[in-house]
1. Pull up all non-local amide H partners of Phe94: gap of 5 or more, or a different chain, and H-to-H distance under 5 Å with H placed in the peptide plane.
2. Compute the separation of the alpha-carbon centres of the range 75-102 and the range 43-73 and state it in Å as a whole number.
3. Taking 0.36 nm per residue of sequence separation and subtracting the Cα-Cα distance, how much length would be gained by fully extending the chain between Met1 and Asp45, in nm to one decimal?
4. What's the FRET efficiency of Ile24 with Ser85 using the Cβ-Cβ distance as r and R₀ = 35 Å, to the nearest 0.05?
5. With a Förster radius of 30 Å, plug the Cβ-Cβ distance of Gln53 and Val75 into 1/(1 + (r/R0)^6) and report the FRET value to the nearest 0.05.
6. Among [x] 2, 8, 8, 10, 9, 9, 9, 8, 8, 7, 6, 5, 4, 3, 2, 1, 1, 0; [y] 2, 9, 15, 18, 20, 16, 10, 6, 3, 1; [z] 2, 10, 16, 17, 16, 13, 9, 7, 5, 3, 2, 1, 0, find the value of P(r) over Cα pairs in 5 Å bins from 0, in percent that was calculated from the structure presented, and write down its label.
7. What's the angle, to the nearest 10 degrees (0 to 90), between helix 50-80's Cα axis and the longest principal axis of the chain?
8. Quick check on the exposure proxy: order Ser85, Ser109 from fewest to most C-beta atoms within 10 angstrom.
Amino acid sequence: MTLASIIMVGMFVWVGVALFGIGIILDTMTMPFHPPGAGFDENGDTMGMPALQNTVMYVMLPVFVLLQVALAWRVMQYVDGTAISTTMVGILPFQTGITGLELVVAAASTGIFAGIGIIYGH
């Protein structure tokens with residue numbers, strides 16, 4: 001969703017930040033139901049599944065790269081002063097050009113997504 005919101009811009013750019021806020025609220029509300037995690041055995045080794053954890057982490061790597069490429073494309077449009085116009089692709093509006101506020105929100109959404117991934121990866 002974050003990648004799509006950066007590509008589409010307009011009102012969609014707020015999706016990443018909104019989903020982060022919703023995620024915080026839902027995480028806080030469901031705190032009593034959170035599992036304790038995989039834990040460790042008597043030798044101090046994790047009882048988790050490292051192969052699964054590494055797979056998720058490395059599958060997300062291309063997503064992080066695509067997010068940065070999309071954000072760089074939007075920064076280039078902002079710096080070049082690309083005129084803001086909207087093109088309809090089916091029922092979805094895609095906006096060329098980006099305002100300063102939209103760029104700040106897109107950068108925040110990308111940063112939030114990458115930050116959550118870094119926490120998971122470590």
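Nothing in this text is a laboratory measurement; each read-out follows from the coordinates by a stated rule. Quick caveat, the model's predicted, so the values are computed rather than measured. Heads up, the Cβs are rebuilt from the backbone with ideal geometry, glycines too, and the neighbour counts pull from every protein chain shown.
1. Sorted by chain and number, the residues that satisfy this are Thr87, Met88, Val89.
2. 30 Å
3. Numbers: separation 44, 0.36 × 44 = 15.84 nm, distance 3.56 nm.
Full extension of this stretch gives 12.3 nm more.
4. Efficiency, from the Cβ-Cβ distance: 0.50.
5. Using R0 = 30 Å, I get an efficiency of 0.40.
6. Of the labelled values, this structure produces [z].
7. On a 0 to 90 degree scale, this one is about 20.
8. Working: Ser85 9, Ser109 25.
Going from least to most buried by this count: Ser85, Ser109.
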